[in-house]
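Peer 1: Just passing along the structure, written as structure tokens.
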Number of protein chains: 2
Amino acid sequence: MAKAIAGPEIERLIQLLARLPGLGPRSARRAALYLIKKREQVMAPLTSALQIALEKIEVCKTCGNIDTQNPCTVCTDPRRDMSVLVVVADVADLWALERAHAINAPYHVLGGTLSPLDGVGPQDLAIDGLISRAHAANVTEVILALNATVDGQTTAHYITDLLHSADVKVTRLAHGVPVGGELDYLDEGTLSAAIRQRTLF
Amino acid sequence: MAKAIAGPEIERLIQLLARLPGLGPRSARRAALYLIKKREQVMAPLTSALQIALEKIEVCKTCGNIDTQNPCTVCTDPRRDMSVLVVVADVADLWALERAHAINAPYHVLGGTLSPLDGVGPQDLAIDGLISRAHAANVTEVILALNATVDGQTTAHYITDLLHSADVKVTRLAHGVPVGGELDYLDEGTLSAAIRQRTLF
């Protein structure tokens with residue numbers, strides 16, 4: 001924008017809002033106007049929520065989750081099955097599995113997936129920590145809950161190789177028809193996998 | 001969400017982000033994770049930008065624009081043509097006209113448009129202020145830069161009636177083909193208006 005319309009402070013707020021994923025320059029302006037209109041109801045609470053988050057949020061030194069306590073709520077939950085370790089690429093994936101109540105076990109957040117094209121190598125991910133956790137006496141299974149993408153599967157293979165020395169079963173997520181999904185809209189790879197991995201009715 | 005995944009502070013941040021226009025629950029989680037990852041680069045600057053905005057931003061008592069000074073930058077700009085008054089529904093419209101450098105005159109922000117269905121009547125808009133500004137000796141033209149919607153045009157008619165007593169020319173935006181627009185995609189009303197209001201080449 002060549003010309004500041006409403007003072008540098010508002011421009012700065014718009015620029016920072018535009019950096020959020022999902023907001024572009026236009027929607028950032030709308031968001032800024034909304035915040036200014038809803039000053040007491042939204043802007044003030046959001047400011048203080050951000051302030052609190054800035055002060056309190058930490059990365060869990062055990063699993064890489066983010067939380068306001070360290071180790072995180074998941075790692076310190078006594079009702080979790082500690083014989084299983086669920087490996088995820090990102091905190092967002094951990095949250096997705098928790099929302100689904102998919103499994104009641106601790107996690108290990110890699111912080112990404114191997115991606116030679118983007119220059120992400122094993123040293124950029126929390127793989128050493130994973131290997132040492134997988135060697136713990138109580139761990140019997142490592143579930144690789146990684147994306148079914150090339151990078152996700154490359155990472156899964158790499159980790160599987162490293163885990164040969166550990167006395168653990170390495171598993172990965174099933175491929176198949178998404179619940180509610182229509183066969184007609186699915187790709188051939190998914191349909192073939194769903195047939196191959198069919199289960200007894 | 002039935003279960004808080006990552007502590008009440010993070011949930012609260014996500015809930016507040018989800019209230020921004022353009023962000024839903026899912027993108028608010030992505031935004032929160034992004035903020036936490038980009039703690040120093042984005043989260044801390046955004047927090048302080050919001051804090052500054054909270055402290056400094058005011059509604060201009062003359063025109064209804066928002067700014068960090070009152071009267072606002074536009075109202076105090078000595079290079080504006082003070083014989084013209086541009087009436088807009090919202091601050092977003094004012095910003096849009098300013099970005100376009102469409103006109104170099106002061107504005108009057110109504111704060112919405114008349115909308116009987118939504119219970120918005122004349123008393124909810126800054127119409128009294130407009131009428132008294134339009135009666136000022138130096139004002140010769142009031143441009144109604146309102147949306148070409150039913151509510152926008154209803155508001156324009158209502159204001160035009162009230163301005164009969166003022167010695168001003170009341171104008172409205174031209175209808176026509178948007179710059180870069182293809183005739184084939186335009187509705188009949190726009191095409192008819194573009195023909196009716198054709199200009200000499």
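The values are calculated or read from the model by the stated rules, or taken from the named source; none is laboratory data. Since the structure is predicted, the reported quantities are computational estimates derived from the model, not experimental observations. Cβ sites come from the backbone with ideal geometry, for glycine too, and all protein chains shown count toward neighbours.
Yes/no matrix, rows are residues, columns are (1) small (Gly, Ala, Ser); (2) at pLDDT below 90; (3) out of contact with any strand residue (DSSP E or B) (no Cβ under 9 Å at 6 or more places or on another chain):
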site	(1), (2), (3)
A:Leu162	no, no, yes
A:Val168	no, no, no
A:Arg172	no, no, no
A:His175	no, yes, yes
A:Val179	no, yes, yes
A:Tyr185	no, yes, yes
A:Ser192	yes, yes, yes
A:Arg196	no, yes, yes
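Peer 1: Within the range B:81-99, restricting attention to residues that are of a type in the set (Gly, Ala, Ser) and outside any helix (DSSP H, G or I), which residue is farthest from B:Thr160 (Cα to Cα)? Before you say what the answer is, go through the steps one by one.
Peer 2: First, pick out the residues of the range B:81-99 that are of a type in the set (Gly, Ala, Ser): B:83, B:89, B:92, B:96.
With the extra rule that they be outside any helix (DSSP H, G or I), the set shrinks to B:83, B:89.
Details: B:Ser83: 17, B:Ala89: 15 Å.
Of everything passing the filter in the range B:81-99, B:Ser83 is farthest from B:Thr160 (Cα to Cα).
Peer 1: Inside the range B:24-71, can you point out the residues that are facing chain A (nearest Cβ under 9 Å), basic (Lys, Arg) and under 22 Å from the mean Cα position of the chain (by Cα)?
Peer 2: Matches in the range B:24-71: B:Lys56 only.
Peer 1: Still on this model: Taking the range B:114-144 as the region of interest, how many residues are β-branched (Val, Ile, Thr) and in contact with a His (Cβ under 7 Å, 6 or more places away or on another chain)? Reasoning before the result, please.
Peer 2: Taking the range B:114-144 first, the residues β-branched (Val, Ile, Thr) are B:120, B:127, B:131, B:139-140, B:142-143.
From the residues that got through so far, the ones that are in contact with a His (Cβ under 7 Å, 6 or more places away or on another chain) too are none.
Final tally of qualifying residues: 0.
Peer 1: Does the range B:47-56 include one or more residues that are surrounded by 17 or more Cβ atoms within 10 Å (Cβ to Cβ) and in contact with a strand residue (DSSP E or B) (Cβ under 6 Å, 6 or more places away or on another chain)?
Peer 2: no
Peer 1: Filter the range A:8-23 for residues that are over 11 Å from B:Leu23 (Cα atoms) and in contact with a Lys or Arg (Cβ under 7 Å, 6 or more places away or on another chain); which is farthest from the other protein chains (Cβ to nearest Cβ)? Walk me through how you get there before you give the answer.
Peer 2: From the range A:8-23, those over 11 Å from B:Leu23 (Cα atoms) are A:8-19; that's our starting set.
Restricting the remaining residues to those that are in contact with a Lys or Arg (Cβ under 7 Å, 6 or more places away or on another chain) gives A:9, A:14.
Values: A:Glu9: 5, A:Ile14: 9 Å.
The qualifying residue farthest from the other protein chains (Cβ to nearest Cβ) is A:Ile14.
Peer 1: Looking at (1) surrounded by 12 or more Cβ atoms within 10 Å (Cβ to Cβ); (2) out of contact with any Cys (no Cβ under 7 Å at 6 or more places or on another chain), which is the one condition that is false for A:Leu200?
Peer 2: (1)
Peer 1: Hey, another quick one. Given the criterion of a type in the set (Val, Ile, Thr) and modelled with pLDDT under 95, identify the matching residue among B:Val84, B:Val88, B:Val74. Full working, then the answer.
Peer 2: Working: B:Val84 fails: modelled with pLDDT under 95; B:Val88 fails: modelled with pLDDT under 95.
Being of a type in the set (Val, Ile, Thr) and modelled with pLDDT under 95 holds for just one of B:Val84, B:Val88, B:Val74, which is B:Val74.
Quick grid of which residues meet (1) under 18 Å from A:Pro71 (Cα atoms); (2) under 16 Å from the mean Cα position of the chain (by Cα); (3) outside any helix (DSSP H, G or I):
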residue: A:His101; (1), (2), (3): no, yes, yes
residue: A:Gly129; (1), (2), (3): yes, no, no
residue: A:Leu146; (1), (2), (3): no, yes, yes
residue: A:Gly152; (1), (2), (3): no, yes, no
residue: A:Leu163; (1), (2), (3): no, no, no
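Peer 1: Yes or no: the range A:165-176 includes at least one residue that is hydroxyl-bearing (Ser, Thr, Tyr), more than 24 Å from A:Ala102 (Cα to Cα) and in the same structural domain as A:Leu146 (by TED's automatic domain parsing). Reasoning before the result, please.
Peer 2: Initially, the range A:165-176 is screened for residues hydroxyl-bearing (Ser, Thr, Tyr), giving A:165, A:171.
Restricting the remaining residues to those that are more than 24 Å from A:Ala102 (Cα to Cα) gives A:165.
Those left that are additionally in the same structural domain as A:Leu146 (by TED's automatic domain parsing): A:165.
Scanning the range A:165-176, I find at least one residue that is hydroxyl-bearing (Ser, Thr, Tyr), more than 24 Å from A:Ala102 (Cα to Cα) and in the same structural domain as A:Leu146 (by TED's automatic domain parsing), so the answer is yes.
Peer 1: When you go through (1) of a type in the set (A, V, I, L, M, F, W, C); (2) assigned to a helix (DSSP H, G or I); (3) closer than 21 Å to B:Val59 by Cα one by one for B:Ala105, which number turns out not to apply?
Peer 2: (2)
Peer 1: Then there is this: So which of A:Leu33, A:Leu114 is surrounded by 14 or more Cβ atoms within 10 Å (Cβ to Cβ), more than 22 Å from B:Ile10 (Cα to Cα) and in contact with an Asp or Glu (Cβ under 7 Å, 6 or more places away or on another chain)? Quick ask: steps written out before the conclusion?
Peer 2: Working: A:Leu33 fails: in contact with an Asp or Glu (Cβ under 7 Å, 6 or more places away or on another chain).
Every option except A:Leu114 fails the conditions.
Peer 1: Report yes if B:Leu20 is modelled with pLDDT of 90 or more, under 20 Å from the mean Cα position of the chain (by Cα), within 21 Å of A:Ser48 (Cβ to Cβ) and not assigned by TED's automatic domain parsing to the domain that holds B:Ala166, otherwise no. Break it down into steps so the answer makes sense when it comes.
Peer 2: Numbers: modelled with pLDDT of 90 or more: yes; under 20 Å from the mean Cα position of the chain (by Cα): yes; within 21 Å of A:Ser48 (Cβ to Cβ): yes; not assigned by TED's automatic domain parsing to the domain that holds B:Ala166: yes.
When the stated conditions are applied, B:Leu20 passes them.
Peer 1: Okay, moving on. Taking the range B:72-130 as the region of interest, how many residues are more than 13 Å from chain A (Cβ to nearest Cβ) and of a type in the set (A, V, I, L, M, F, W, C)?
Peer 2: Step one: of the range B:72-130, the residues more than 13 Å from chain A (Cβ to nearest Cβ) are B:78, B:80-87, B:103, B:105-106, B:108, B:110, B:113-130.
Narrowing further to those that are of a type in the set (A, V, I, L, M, F, W, C): B:82, B:84-87, B:103, B:105, B:110, B:114, B:117, B:120, B:125-127, B:130.
Of the residues in the range B:72-130, 15 are more than 13 Å from chain A (Cβ to nearest Cβ) and of a type in the set (A, V, I, L, M, F, W, C).
Peer 1: Residue pairs, Cβ under 6 Å, 6 or more apart or interchain, first in the range B:67-83 and within 29 Å of B:Ala49 (Cα to Cα), second surrounded by 14 or more Cβ atoms within 10 Å (Cβ to Cβ) and acidic (Asp, Glu). List them.
Peer 2: B:Thr68/A:Glu9; B:Asn70/B:Glu58; B:Thr73/B:Asp67
Peer 1: Within the range A:93-102, identify whether any single residue is over 25 Å from B:Met43 (Cβ atoms), surrounded by 13 or more Cβ atoms within 10 Å (Cβ to Cβ) and without any contact (Cβ under 8 Å) to a residue 60 or more places away in the chain, and answer yes or no.
Peer 2: Initial filter on the range A:93-102 (over 25 Å from B:Met43 (Cβ atoms)): A:100-102.
Next, only the ones that are surrounded by 13 or more Cβ atoms within 10 Å (Cβ to Cβ) stay: A:102.
With without any contact (Cβ under 8 Å) to a residue 60 or more places away in the chain added as a condition, the list becomes A:102.
Yes, there is a match, as at least one residue in the range A:93-102 is over 25 Å from B:Met43 (Cβ atoms), surrounded by 13 or more Cβ atoms within 10 Å (Cβ to Cβ) and without any contact (Cβ under 8 Å) to a residue 60 or more places away in the chain.
Peer 1: Let me confirm something: among B:Cys63, B:Cys72, which residue is within 19 Å of A:Pro8 (Cα to Cα), of a type outside the set (D, E, K, R) and either buried (at least 18 other Cβ atoms within 10 Å of the Cβ) or touching a strand residue (DSSP E or B) at 6+ places or on another chain (Cβ under 6 Å) (or both)?
Peer 2: Details: B:Cys63 fails: within 19 Å of A:Pro8 (Cα to Cα).
B:Cys72 is the lone residue from the list that is within 19 Å of A:Pro8 (Cα to Cα), of a type outside the set (D, E, K, R) and either buried (at least 18 other Cβ atoms within 10 Å of the Cβ) or touching a strand residue (DSSP E or B) at 6+ places or on another chain (Cβ under 6 Å) (or both).
Peer 1: May I ask you to verify whether B:Pro25 is modelled with pLDDT under 95, farther than 26 Å from B:Ala148 by Cα and not assigned by TED's automatic domain parsing to the domain that holds B:Gly112?
Peer 2: Numbers: modelled with pLDDT under 95: yes; farther than 26 Å from B:Ala148 by Cα: yes; not assigned by TED's automatic domain parsing to the domain that holds B:Gly112: yes.
Considered against the rule, which asks whether it is modelled with pLDDT under 95, farther than 26 Å from B:Ala148 by Cα and not assigned by TED's automatic domain parsing to the domain that holds B:Gly112, B:Pro25 comes out as yes.
Peer 1: Any idea how many residues of the range B:140-168 are in contact with a helix residue (DSSP H, G or I) (Cβ under 7 Å, 6 or more places away or on another chain) and over 18 Å from B:Gly112 (Cα atoms)?
Peer 2: Total satisfying the criteria: 3.
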